[in-house]
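Everything on this sheet refers to the single structure shown next.
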Amino acid sequence: MIIEMFRKPTKWSVMKELILKDIDDLIIGSLGIVAFIAFFVGGVVTIQTALNIDNPLIPKELIGFATRQSILLEFAPTFMSIIMAGKVGSFITSSIGTMRVTEQIDALEVMGINSINYLVFPKLIAMAFYPFVISIAMFLGVIGGLMACIYGGYASTDDFITGLQQEFNPFHISYAFIKTFLFAFVLATIPSYHGYYMKGGALEVGEASTTSFVWTSVAIIIINYLATQLLLS
Amino acid sequence: MIEVKKLHKSFGEAHILKGISQTFYQGKTNLIIGQSGSGKSVFLKCLLGLYDYEEGSIEYDGEVFANLSEAKKRDMRAKIGMVFQGSALFDSLTIEENVMFPLRMFTKLTKNDMRERANIVLKRVNLEDAHKKMPSEASGGMQKRVAIARAIVNNPKYLFCDEPNSGLDPKTAIVIDNLIHEITEEYKITTVINTHDMNSVMEIGDNIMFLKDGIKAWEGTKDDIFRTDNKVVTDFVYSSNLFKKVREAVLKENK
């Protein structure tokens, strides 16, 4: 499917519109839920960390430090991607699957259009903007943590911000975004594959969406493990 | 004109098409009829190049489709219009955008010219007021007419229709049949229709091929079908009492 995606490209004037539409559907359309989840989970990470520090010898800066590390390294890139496998992945599988069931893909093929290029390529390009979503998740996660810390009275703003800056390793940002690019590829291709090659009717579209979510999540978890082993160990 | 010679198609052990030869004429509505499972849809998909076949050939005005280069196949496909059983309109596009779609893909017309052409065709299928609607807002009959408009907008030489009036009420079905027939004659298109609707056969069957178990069992016109004594055909076509009575009346009148 990947090789076929680059053969017989669709006219650029048409492809440009498809890419913009997919950026709107997959990236802009995900910002609301990503912002909501990131903000509140950032808050919860902070509260959990603060409540588990009962030793007075442990500095309060650790709350900010732990929040930053959790959000930057795992929560924003990996767990947000699993949530996106449910949102974006299901959308991709069900929209392409419905096109298969209702013969819209056959209609494209009869017209001599490379349907894989027409349907999957714009999604892959749109998902190249996925790191932008993850950046917002990282930012709002930390802000959520800061708010929870201030309003919960777990530490002072200064302590939290000092913690955020403590032992900062810039490579962790690179590591997070390398993972994010890999997840973006997975999020665009696995759901597309399950939608494109599905057979049957409406019930099977639902089944394909579920299967695609499962396999996309599995792929994300495995890639996360391998990327961590390769890049951080 | 489309000429099919000794076409064979199998799926694994199942031999679906067994050496079918048939000519589909320009400016005529060529019908393929037969029971469900007789191989009609597979035959149509072979004609459209959606399925490869093992033996035989399909010639579009003397050119064997399978032997064409990729670029020529693409050019050939631009000359093909297809009306799918379920209309297959693109959900995310308006009716007007659906009709403009082949123009956007295969021509260098400006957006205004495309819109103008789409509106002419929509008017031809009596849908001049529906161009801003989404396909989901259109009735089954309207969707079929949009599908016909999309199929003919790029002036195709060949028009294929898979059960164009399935799921429609008898009155709308006749409107669709007549529309396809008129367009075929008006634009001198080679039209191939896959159907098991006997009303269509009686109304617009210029050239009818009857398929049974992957074999061409009979060929003729809508007038021939009243006179044939081919048992396989009569068993299928006159399975309803209504058509039996129509046939008796026609034969009586012709005596």
Report task. Give the residue that is nearest to the other protein chains (Cβ to nearest Cβ), with candidates limited to residues of the range A:1-29 that are of a type in the set (A, V, I, L, M, F, W, C) and over 18 Å from residue A:92 (Cα atoms). Result -> A:14
Report summary line: Listed by first then second residue, the pairs whose first member lies in the range A:1-17 and is surrounded by fewer than 13 Cβ atoms within 10 Å (Cβ to Cβ), whose partner is modelled with pLDDT under 80, with beta carbons under 6 Å and at least 6 positions apart or on separate chains, are none
Requested in this report: Could you please find all residues in the range B:117-141 being over 22 Å from the mean Cα position of the chain (by Cα), surrounded by fewer than 15 Cβ atoms within 10 Å (Cβ to Cβ) and basic (Lys, Arg)?
Outcome: B:132
Query - Answer residue from the range A:151-183, given it is among the small types (Gly, Ala, Ser) and under 16 Å from residue A:128 (Cα atoms) and is surrounded by the fewest Cβ atoms within 10 Å (Cβ to Cβ) among those - result: A:174
Requested in this report: State whether the residues of the range B:22-39 include one that is under 27 Å from residue B:202 (Cα atoms), surrounded by fewer than 16 Cβ atoms within 10 Å (Cβ to Cβ) and without any contact (Cβ under 8 Å) to a residue 12 or more places away in the chain.
Outcome: yes
Query raised in the report: All but one of (1) assigned to a helix (DSSP H, G or I); (2) in contact (Cβ under 8 Å) with a residue 40 or more places away in the chain hold for residue A:214; which doesn't?
Result: (2)
Query raised in the report: Any residue in the range B:168-189 that is within 13 Å of residue B:83 (Cα to Cα) and not in a helix (DSSP H, G or I)?
Result: no
Query - Enumeration of residues in the range B:76-93 that are more than 8 Å from chain A (Cβ to nearest Cβ), surrounded by 20 or more Cβ atoms within 10 Å (Cβ to Cβ) and of a type in the set (A, V, I, L, M, F, W, C) - result: B:83
**Report entry** Total residues in the range B:94-107, condition over 23 Å from residue B:166 (Cβ atoms) and either away from chain A (no Cβ under 14 Å) or in a loop (DSSP other than H, G, I, E, B) (or both)
**Finding:** 3
Query raised in the report: Taking residue B:69 and the conditions (1) at pLDDT below 90; (2) within 24 Å of residue B:143 (Cα to Cα); (3) polar (S, T, N, Q), which numbered condition does it fall short on, given that it satisfies the others?
Result: (2)
Report summary line: Here the residues within the range B:61-72 that are more than 20 Å from the chain's Cα centre (by Cα) and either within 12 Å of chain A (Cβ to nearest Cβ) or in a helix (DSSP H, G or I) (or both) are B:66, B:67, B:68, B:70, B:71, B:72
Query - Enumeration of residues in the range B:36-76 that are in contact with a Phe, Trp or Tyr (Cβ under 7 Å, 6 or more places away or on another chain) and of a type in the set (Val, Ile, Thr) - result: B:42, B:58
Report task. Please tell me if residue B:73 is in contact (Cβ under 8 Å) with a residue 12 or more places away in the chain, surrounded by fewer than 18 Cβ atoms within 10 Å (Cβ to Cβ) and among the basic types (Lys, Arg). Result -> yes
Query - Per-region count, the range B:188-222, residues touching a helix residue (DSSP H, G or I) at 6+ places or on another chain (Cβ under 9 Å), farther than 24 Å from residue B:45 by Cβ and of a type outside the set (A, V, I, L, M) - result: 4
Requested in this report: Considering only the range B:21-42, state which residues are assigned to a loop (DSSP other than H, G, I, E, B) and over 23 Å from residue A:109 (Cα atoms).
Outcome: B:25, B:26, B:27, B:28, B:34, B:35, B:36, B:37, B:38
Query raised in the report: What about residue B:152, is it within 14 Å of chain A (Cβ to nearest Cβ) and of a type in the set (Val, Ile, Thr)?
Result: yes
Requested in this report: Kindly provide the set of residues from the range B:108-126 that are in contact (Cβ under 8 Å) with a residue 12 or more places away in the chain and either within 10 Å of chain A (Cβ to nearest Cβ) or under 19 Å from residue B:165 (Cα atoms) (or both), ordered by number.
Outcome: B:122, B:124, B:125, B:126
Query raised in the report: Across the range A:49-100, what is the total count of residues that are crowded, with 20+ Cβ neighbours inside 10 Å, β-branched (Val, Ile, Thr) and farther than 20 Å from residue A:178 by Cβ?
Result: 6
Report summary line: Checked B:45, B:18, B:5 against criteria (touching a residue at least 12 places away in the same chain (Cβ under 8 Å), basic (Lys, Arg), within 23 Å of residue B:206 (Cβ to Cβ) and outside any loop (DSSP other than H, G, I, E, B)); the one match is B:5
**Report entry** residue B:56 being surrounded by fewer than 20 Cβ atoms within 10 Å (Cβ to Cβ), at pLDDT 90 or above, within 23 Å of the chain's Cα centre (by Cα) and of a type outside the set (Val, Ile, Thr)
**Finding:** yes
Requested in this report: Kindly check whether there is at least one residue in the range B:83-95 that is touching a residue at least 12 places away in the same chain (Cβ under 8 Å) and closer than 19 Å to residue A:11 by Cβ.
Outcome: yes
Query raised in the report: What about residue B:211, is it outside any helix (DSSP H, G or I) and more than 18 Å from residue B:93 (Cα to Cα)?
Result: yes
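The values are calculated or read from the model by the stated rules, or taken from the named source; none is laboratory data. Nothing here was measured: the structure is a model prediction, and the numbers come from that model. Positions of Cβ are backbone-derived with ideal geometry, glycine not excepted, and every protein chain shown enters the neighbour counts.
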